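The values are calculated or read from the model by the stated rules, or taken from the named source; none is laboratory data. Model, not experiment: these values are computed from the prediction. Note that each Cβ is placed from the backbone with ideal geometry, even for glycine, and that neighbours are counted across all protein chains shown.
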Amino acid sequence: MTAVANRGRMPSPHRRGRARASSILLLIVALVATAVVLLPIAVIVFTAFKPVGEVNAYPPTLLPENWTLDNLIAIFRELPFARLILNSFVFAGGVTAFALVFDSLAAYALARLDFRGSRVLLIAIIASLMIPFQATLVPIYQLVSDLGWVNSYAGLIAPRAADAFGIFFLRQFFLSLPRDLDNAARLDGASEWRIFTSVVIPNAKPALLTLAIFTFVNNWNDLLWPLVFTTDAEMGTITSGLTLLTGPGGIIPQGVMMAGSLIAVLPLVIMFLLVQRRFIESVASTGLK
Amino acid sequence: MPRTTRPRYRPAAPLGGRTPVGSTRRTSMIALAFLSPALVILTVFVAWPMLSALRLSFTDASGFGREEYVGLENYVRVFTDPDVLQAMGNTAYYAILFTPAAIVIALVLALLVNHPLLPWRGAFRTALFVPFVVSLAVAAFAWSYLLDPQIGLLNHWLRGAGIQLGNVLQDPVLAMPAVALVAVWKSFGFYLVIFIAGLQEIPGSLYEAARVDGASAWQRFRHITLPMLSNTLAFVMIVALIAALQAFDQIYVMTGGGPYGTTQTVVMEIYTSGFKKLELGFASALSYVLLLITLVLSLIQFRFFGRREKDAQ
């Protein structure tokens, strides 16, 4: 995409004074908007470090007066939190690893191999993109339950080990790779498996990274899925585990909730900040493709 | 894995077409090997459940004992049960609150963050995108705390400005806007990034020409930006509508569907009937209705997709 198309547009010299004034005005508006947007995140961070007395104090304040680690310790007492963190990593990481391998294999066949039925298969995969997962949750649950996989990593991961969106997304990307590379490898006598592993996959790293982040974030953050497939508090994820604390009446102190929330978002925010440019650019491209 | 494939000569692709690899049996076998892991998963966990849900929707399945076929009874209940009708109305209301708000906020902030005179555009874009990686559940915890009638910061500040909101999440009028607001907060960054990409596709020369002709900022927006952005707008609108139909997470956390069922949505109803009351047949029928509505919206979306792809070629 032409991401830098408008970058070079600068005002003509005689407009500079007015441009500077507009610049400052825009900056103020942007700062205010960003502050409003980031307020809930600031509340999570600061409340996590507030002592109980300050959390419940009136009038409420944003910043803690005395910083404490009590809430971050308490969340590990209220919930099997270390286990939930592990479960979140195994579930989101497991789904991501399987889906990346299975989706890219299937996408390669659809993008590069001319076989009978490829069109029908592609249409079926595109059609299944339209199915909201909530719509098939009941039979999937019955299936997982018949397999004895409720409250297991297998039950959480297996139904999502491949997905139509990933296959479609990677197929589109593989199609955009120049065929000269794999044709050259074919001339040299390389097998399809070799072309897949040593030509296509190394060139598809940006797409694979994007898909990996999307899959990981979506699963880490999913609530309904772990809520349905785990009944044992030890087998939930951070996201589903925290909801156990929010019964009517709010039995659990807000500071502890916010400490749990902070730990839940921290890995994702760090991951996002590390790869933010590429991630944002690939989000942008989903709207254009 | 097909490691044993023999070297074969394949002519290079003709311009604009697929490589004529040839539909030999061997290629089909190789393709099948590549496809089989994904196909097994998709067959077992997508295709089969689709059929299974359809069958269940005509039964009184409850997870225990015999299932009897009950004809269209579940579907009749979907369209006559006052609770279900309320959930459908609520979902539509939620979509009406969420979709325009998310789109307008995303578009306004996209125009701001894409403005050539704004310094540190990249940093603002990143900061505004952060809520997108926060889960709806965690967003719901933070907003519930902000909106708390006693110790909530937002409620406190609004009281300072003379606005008395009271207990928002227990208020039948305010609860739905509140849960919609949480979803807007979480997802506008995603739409914003798509809008920025759309804005950057608009040729700068159009704006230059308009400026030479003396068009005002509003006229430039109305007659250049909006028409040039119409495809992106349509795409975002449908994606947002589909997301709105699936509202669940923050509602489960913040209100549990209350007060008085005013925030009960279709997916909340599927969850309650399917996994709490174990009315599997009825939950499946409701799922199918949701599926059909989503399907219609997706088909409209694919028409736009198709047009875009044709435009791009």
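Go through the residues of region A:21-32 one by one and say whether even a single one is free of Cβ contacts under 8 Å to residues at least 12 places away in the same chain and closer than 21 Å to B:Phe141 by Cα.
No; the residues of region A:21-32 include none that is free of Cβ contacts under 8 Å to residues at least 12 places away in the same chain and closer than 21 Å to B:Phe141 by Cα.
Could you tell me how many of the residues in region A:36-84 are more than 13 Å from chain B (Cβ to nearest Cβ), within 23 Å of A:Thr243 (Cα to Cα) and hydrophobic (A, V, I, L, M, F, W, C)?
9
Can you go through A:Leu245, A:Leu208, A:Leu224, A:Leu187 and tell me which one is modelled with pLDDT under 90 and within 24 Å of the chain's Cα centre (by Cα)?
So the residue among A:Leu245, A:Leu208, A:Leu224, A:Leu187 that is modelled with pLDDT under 90 and within 24 Å of the chain's Cα centre (by Cα) is A:Leu245.
Are any residues in region A:202-211 under 23 Å from B:Ser187 (Cβ atoms) and either facing chain B (nearest Cβ under 10 Å) or surrounded by fewer than 19 Cβ atoms within 10 Å (Cβ to Cβ) (or both), and if so, which ones?
The one that is under 23 Å from B:Ser187 (Cβ atoms) and either facing chain B (nearest Cβ under 10 Å) or surrounded by fewer than 19 Cβ atoms within 10 Å (Cβ to Cβ) (or both): A:Leu209.
Just one of (1) buried (at least 22 other Cβ atoms within 10 Å of the Cβ); (2) over 29 Å from the mean Cα position of the chain (by Cα) trips up B:Ala137, so point out which.
It fails just one condition, (2).
Quick grid of which residues meet (1) away from chain A (no Cβ under 12 Å); (2) touching a Gly at 6+ places or on another chain (Cβ under 8 Å):
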| position | (1), (2) |
| --- | --- |
| B:Ala38 | no, no |
| B:Ile41 | no, no |
| B:Ser52 | no, no |
| B:Arg55 | no, no |
| B:Ser62 | no, yes |
| B:Gly71 | yes, no |
| B:Tyr75 | yes, no |
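Hey, B:Ala215 hits all of (1) under 27 Å from B:Ser62 (Cα atoms); (2) crowded, with 16+ Cβ neighbours inside 10 Å but one; which does it fall short on?
B:Ala215 satisfies all of (1) under 27 Å from B:Ser62 (Cα atoms); (2) crowded, with 16+ Cβ neighbours inside 10 Å except (1).
Given B:Gln150, B:Gln170, which one is more than 24 Å from B:Ala234 (Cβ to Cβ) and more than 29 Å from the chain's Cα centre (by Cα)?
That would be B:Gln150, the only listed residue that is more than 24 Å from B:Ala234 (Cβ to Cβ) and more than 29 Å from the chain's Cα centre (by Cα).
Cβ-Cβ distance below 7 Å, separation of 6 or more or different chains: which pairs start in region A:257-279 with a residue that is closer than 13 Å to A:Val217 by Cβ and end on one that is outside any helix (DSSP H, G or I)?
A:Ala264/B:Ser135; A:Val265/B:Val134
From the residues in region B:106-134 that are part of a loop (DSSP other than H, G, I, E, B) and more than 22 Å from the chain's Cα centre (by Cα), which one is nearest to B:Phe188 (Cα to Cα)?
The extreme case among them is B:Asn114.
How do the helices (runs of 4 or more DSSP H) wholly within region A:143-232 filter down when requiring 2 or more residues that are under 28 Å from B:Val134 (Cα atoms): which remain?
Result: A:153-157, A:164-176, A:205-221, A:224-229.
Working only within region B:237-249, note down all residues that are in a helix (DSSP H, G or I) and over 14 Å from B:Phe188 (Cβ atoms).
Correct list: B:Ile238, B:Leu241, B:Ile242, B:Leu245, B:Asp249.
Does A:Glu78 meet the test of being at pLDDT below 95, among the charged types (D, E, K, R) and within 30 Å of B:Ala123 (Cα to Cα)?
no
One residue is enough: does region B:196-205 have a residue meeting the conditions hydroxyl-bearing (Ser, Thr, Tyr) and either within 27 Å of the chain's Cα centre (by Cα) or assigned to a helix (DSSP H, G or I) (or both)?
Yes, the conditions are met somewhere in region B:196-205.
Search region B:140-151 for residues being at the interface with chain A (Cβ under 7 Å from one of its Cβ atoms) and crowded, with 18+ Cβ neighbours inside 10 Å, and hand back the single one that is farthest from A:Ala33 (Cα to Cα).
B:Ile151
Taking the condition within 27 Å of A:Ser22 (Cβ to Cβ) and within 21 Å of the chain's Cα centre (by Cα), does B:Ala178 pass?
no
Per-residue answers, yes or no, for (1) outside any loop (DSSP other than H, G, I, E, B); (2) free of Cβ contacts under 8 Å to residues at least 24 places away in the same chain; (3) under 25 Å from the mean Cα position of the chain (by Cα):
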| position | (1), (2), (3) |
| --- | --- |
| B:Leu32 | yes, yes, no |
| B:Leu35 | yes, yes, no |
| B:Val40 | yes, yes, no |
| B:Thr43 | yes, yes, yes |
| B:Gly63 | no, no, no |
| B:Val76 | yes, yes, no |
| B:Phe79 | yes, yes, yes |
